[in-house]
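The values are calculated or read from the model by the stated rules, or taken from the named source; none is laboratory data. A quick note: this is a predicted structure, and the numbers were derived from the prediction, not measured. Neighbour counts are summed over all protein chains in view; Cβ atoms, including those assigned to glycine, are modelled from backbone coordinates with ideal geometry.
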Amino acid sequence: MHPLLAEFLGTMLLILLGNGVVANVILNKTKGNGGGWIVITTGWALAVFVGVVVATPYSGAHLNPAMTVALAIAGKFAWVQVPLFIIAQLLGAMTGSFLVWFHYKDHMDATADPGLIQACYCTAPAIRNDGRNFSSEVIGTFVLLFTIFYFTGAELGEEKTPVGMGSLGALPVSLLVLAIGLSLGGTTGYAINPARDLGPRIMHALLPVKGKQGSGWDYAWIPVAGPLIGAAIAAALYLYLQPVAN
């Protein structure tokens, strides 16, 4: 499989299952309605597991522009490949979001609250405070990527293992995402991935969504910029600490 196709498919599965569990929990008349935050965070962690398993052998399973940028900053991924990976991830996220809409269309139609429907696509803060919302995304993404650098450290070297989330094995990164969701996700819904938020937000704007009242574009910069800044900080700190570690 071509690495770009792997990133597309892995991200598509990530969003299909991740936003799928949100839809299952919050939309009316689903079997999972009312399942709660533990179900959502567990579903997202398992969505990461599935995406990583599929993409690992071919691309390293970045599945996240913040991951791709962090690896490039750390000198572990070619900058020339960064735009191509991000495009593949964004298209995968849009496709996964379309599949969630198709799968749950009847239940979206049965749900009166447009905010609940929008939550099946993109994130929104529990309390709107742009500064704190931004810092929440920075902190969550920093924890994700800084930890990932140390998970992968033992396998980088000269081995021909794809660099990225896939080199962790699927289970550790899934548990890491679960920990972030349980501990830090209650403020903004922990996008920690620009493609995860922007791709579905675009689809929310394009698809015939019942009762749509905009797609929250005034907030959309936060789950894009926050993760990218968090990624840059994680990569910079990792590079700074390497001489000490060595």
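A few comments on the model shown:
- Test: residue in segment 212-234 that is without any contact (Cβ under 8 Å) to a residue 40 or more places away in the chain, over 19 Å from G18 (Cβ atoms) and β-branched (V, I, T): no
- Flag if T147 is buried (at least 22 other Cβ atoms within 10 Å of the Cβ) and either among the basic types (K, R) or within 18 Å of the chain's Cα centre (by Cα) (or both): no
- Count of segment 62-104 residues which are within 26 Å of F149 (Cα to Cα) and among the aromatic types (F, W, Y): 3
- Wholly within segment 46-139, helices (runs of 4 or more DSSP H) carrying at least 3 residues that are under 21 Å from L237 (Cβ atoms) and modelled with pLDDT of 95 or more: 65-73
- Residue match in segment 133-144 (condition: touching a Leu at 6+ places or on another chain (Cβ under 6 Å), of a type outside the set (D, E), more than 22 Å from Y219 (Cα to Cα) and surrounded by 18 or more Cβ atoms within 10 Å (Cβ to Cβ)): no
- Within segment 96-111, one or more residues are under 13 Å from the mean Cα position of the chain (by Cα) and crowded, with 24+ Cβ neighbours inside 10 Å.
- The lone exception for R201 - which of (1) assigned to a loop (DSSP other than H, G, I, E, B); (2) touching a residue at least 12 places away in the same chain (Cβ under 8 Å) it fails: (1)
- Residue in segment 76-85 that is in contact (Cβ under 8 Å) with a residue 40 or more places away in the chain, surrounded by 17 or more Cβ atoms within 10 Å (Cβ to Cβ) and among the hydrophobic types (A, V, I, L, M, F, W, C) present: yes
- Selection count, segment 9-54, where residues are within 26 Å of P65 (Cβ to Cβ), touching a His at 6+ places or on another chain (Cβ under 9 Å) and among the hydrophobic types (A, V, I, L, M, F, W, C): 2
- Out of T30, T42, sole residue that is within 25 Å of T187 (Cβ to Cβ), touching a residue at least 40 places away in the same chain (Cβ under 8 Å) and surrounded by fewer than 21 Cβ atoms within 10 Å (Cβ to Cβ): T42
- Residue ID - nearest to F142 (Cα to Cα), chosen from residues in segment 189-246 that are modelled with pLDDT under 95 and among the hydroxyl-bearing types (S, T, Y): Y238
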